Each structure stands twice: as C-alpha cells, then as structure tokens.
1. Specify which of the listed residues (A336, A343) is assigned to a helix (DSSP H, G or I), crowded, with 21+ Cβ neighbours inside 10 Å and in contact with a Gly (Cβ under 8 Å, 6 or more places away or on another chain).
2. Assess whether T200 counts as being more than 19 Å from S119 (Cβ to Cβ), of a type in the set (S, T, N, Q) and modelled with pLDDT under 95.
3. In this structure, is L154 among the hydrophobic types (A, V, I, L, M, F, W, C), within 23 Å of A89 (Cβ to Cβ), surrounded by 14 or more Cβ atoms within 10 Å (Cβ to Cβ) and in contact with a Ser or Thr (Cβ under 8 Å, 6 or more places away or on another chain)?
4. I'd like the residue in segment 235-272 that is at pLDDT below 95 and not in a helix (DSSP H, G or I) and, out of all such residues, is surrounded by the fewest Cβ atoms within 10 Å (Cβ to Cβ).
5. Wholly within segment 6-94, which helices (runs of 4 or more DSSP H) include no fewer than the required count, namely at least 1 residues that are at pLDDT below 95?
6. Any residue at all in segment 107-122 that's over 25 Å from A47 (Cβ atoms), of a type outside the set (D, E, K, R) and either in contact with a helix residue (DSSP H, G or I) (Cβ under 6 Å, 6 or more places away or on another chain) or at pLDDT 95 or above (or both)?
7. Got at least one residue in segment 193-210 being on the phi < 0 side of the Ramachandran plot, part of a helix (DSSP H, G or I), surrounded by fewer than 20 Cβ atoms within 10 Å (Cβ to Cβ) and β-branched (V, I, T)?
8. Does G128 satisfy being at pLDDT below 95, surrounded by fewer than 16 Cβ atoms within 10 Å (Cβ to Cβ), small (G, A, S) and under 24 Å from G219 (Cα atoms)?
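The values are calculated or read from the model by the stated rules, or taken from the named source; none is laboratory data. Since the model is a prediction, treat every value here as computed from it, not as a measurement. Quick reminder, even Gly has a Cβ in these numbers, built from the backbone with ideal geometry, and neighbours come from all protein chains shown.
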Amino acid sequence: MSRAARTAPLAPEAALTTPRHPFTRPPADTARAGAVLARCRALTHPALVDAVAQLDPWTGRMAAYALGWRDPGGAPDPTGSGGKGLRQALAVLSAEAVGASGTTALPAAVAVELVHTFSLLHDDIMDGDPLRRRRPAVWRAYGVGPAVLAGDALHALAVQTLAEAPGERAPAAVRHLSRTLTALVRGQADDLRFEELPWTGPDAPGLAAYRAMAEQKTGVLLGCAAALGAELGGAPGATVTALDRAGRHLGIAFQAVDDLLGIWGDPALTGKPVHSDLRQRKKTFPLLAALAGAGPARRELAALLDSVEPLEGARAAHAAALVDEAGGRAATRAEASTHLEAARACLAATRPAPAAARDLDALVGSLLDRAW
C-alpha cells in the first residue's frame, strides 16, 4: 500500500455507516482513561524535557511556559498545565498495540506533542485568544513576534526529534509527519476562511465542509500520532493505515466535543469564558447544524448571528439556548458518537495487544463526555 493511500481523506459517508463493533465496552471507564493518560505523560515527560533543552535559552523559556512547566520569568510553575497529553498517549499506546514497547514510540510522542503545542501557540495569535489553559497565551506573556518564533522553534524541533529516532522506520515517520504538517496548515487556512463566509445562503459552509476542515485541523495530528507509534513499533503498512484512520476519526469527534465545550463548557475546566465560541461568532459544528435545520429557533438564531450587536451576557445565553432548541447540540453529540464508533472499528481491525486494547478503549470511551 502506498504512503499516499495511508493518509487519504476520510469519506464522511463511510464513517456514518460504520457498524457497531464488539470493541465497544460501555460505559466509559474515565478513571482508567485518566490513569492511561497520566502513565503516558510520565513516560514521555523526560524525553520532552530533553528535547526542549536543545533550544536556545530564550525560545526554550517560552516553550517551557507553553508546555506548562514554567512561569513567564522561567521559574517552576506548579499551577501550569500542559494539557492531558492525548496525542503523546496515542503514539505510546499504538506502539504497545502492535507489540512494541511504549519507549519505542518516544520520538513520535515528543514530536506530536511539540507540533500540537506549536499549533496552539500560533492558533492563539491568529484568533486573538488572550488565554490558554487559564494563563495568558504565549503571545500575551511575551509578545507576538517572540511567540511566532517560539512556535517556529517547536515546529523545527519536532521534525529534528523524529528524524533522529533510531531504526530504519524513521525516514517513513518523518515523511508522514511532513504530510501532516502540510495538512494542518490547510485545515487552519480553511478555519480562517470560514470566518469570512456568510452564515446562511449558497456560500455558507455546510457540515461536510466543516467535517473536512476538522479532519485537517485536528484529525490528521491524532492520526499521525497513532500511525507514528505503530511505524516506529515496526507494524506492517495496513496496521499503520488503520491506526492513522482511527486517529482521524478520533480527531473529528474530539473537535465536535470541543465545539460543545466552546458554548456550554465549564470555564473552570476549559479555561475559556462561558459561551466563548458564540461571543466570537465562530462557525462551529453546533451552530452550523442548528442553521441547517428549520423552524423559528433556526430563524431567530440566524438573525442574532447576522446582527452587528455583540453576543454578550444574556444575548449569548439566548443564542446558546436557540442552538440547543434548533438541534445543534444533539447533532454535534451524534457526530462525535459516529466518529468514535468508527475509530473503535478501525482499532479493532488491527487486533491490538490485549492490554493496549483495554487502554485504547478506555481512552476512546472517555472522549464524548470529557469536560476539558
């Protein structure tokens, strides 16, 4: 199978018709999922620290701040957060799923975590978001120019880390990461262009276009994480492909849940203000799904979104209620569930090692109702 075939875009209709697979074992084991993430973070952290130590002191300080280790002045910050580490966990678990040690995947785990951090850093600049994980975003703490430079440094370090991985599969892994980086740029470009499109009418983005954007912006990196773990673990091409596609489905589901949290999430857990996506009028799945329907709630929501008045306070709360009434919340949960089910089927097709299968199943099962 060609490398290009391994990263072919998902066909949305295929995901919608994926049958239920016995890999599913509800209800979600959130305690196990948390323990799995913690184990993978602990395994990856020393290698991540070693990688960041290769940067010059200035960009290294900004990187350590972005990763939640340090405060803006460079002192240890016990209140900082580096996130849950989903991508590094997928790399580790995919290596274990194909019978390799989790340590085999460390260059992949570090690389995808660095890419994720760089993408968040640049994303905050483009969106003008002042906060990330309840702290000032890097651009607010250090300035736009330094933040751009820190992101570039993380990008370059990710490629270097993977290129220096031992074994004959490193070149293939670097090629996969390079394709992923190109796809990430495309997804971010589509996301930015969406903001210039109207909410309704023939030029409005539909759900299929949003799904394709979410795959590029979020899904490809999760797919890459899973694929790289298997690649460095010596898995055959068909297994690498299946794990890549599982990660892509997980990414679309993750983005859908992220969209729910952007409207209804708890600020204490998400680190974002309540109704943050509504206030910014971001074209997210719940809004597009609500606008794709019919009825008075849909019409009132469209009028609110087209209004020049700010969506703040009671107006934002009312808009959120209209999205719910028009079916946007239910449609988004259904979208996430569909892609989680598709991810489970892809994972099951690889016949993963039993312990890794249990860990992956717990992780997948925790994503629909996550609060972070």
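1. Working: A336 fails: in contact with a Gly (Cβ under 8 Å, 6 or more places away or on another chain).
Just a single option satisfies the conditions, and that option is A343.
2. Criteria met by T200.
3. Taking the combined requirement at face value, the residue satisfies it.
4. Filtering segment 235-272 for residues that are at pLDDT below 95 and not in a helix (DSSP H, G or I), the one surrounded by the fewest Cβ atoms within 10 Å (Cβ to Cβ) comes out as D266.
5. 12-16, 30-52
6. Checking segment 107-122: not a single residue is over 25 Å from A47 (Cβ atoms), of a type outside the set (D, E, K, R) and either in contact with a helix residue (DSSP H, G or I) (Cβ under 6 Å, 6 or more places away or on another chain) or at pLDDT 95 or above (or both).
7. no
8. Against the criterion (at pLDDT below 95, surrounded by fewer than 16 Cβ atoms within 10 Å (Cβ to Cβ), small (G, A, S) and under 24 Å from G219 (Cα atoms)), G128 qualifies.
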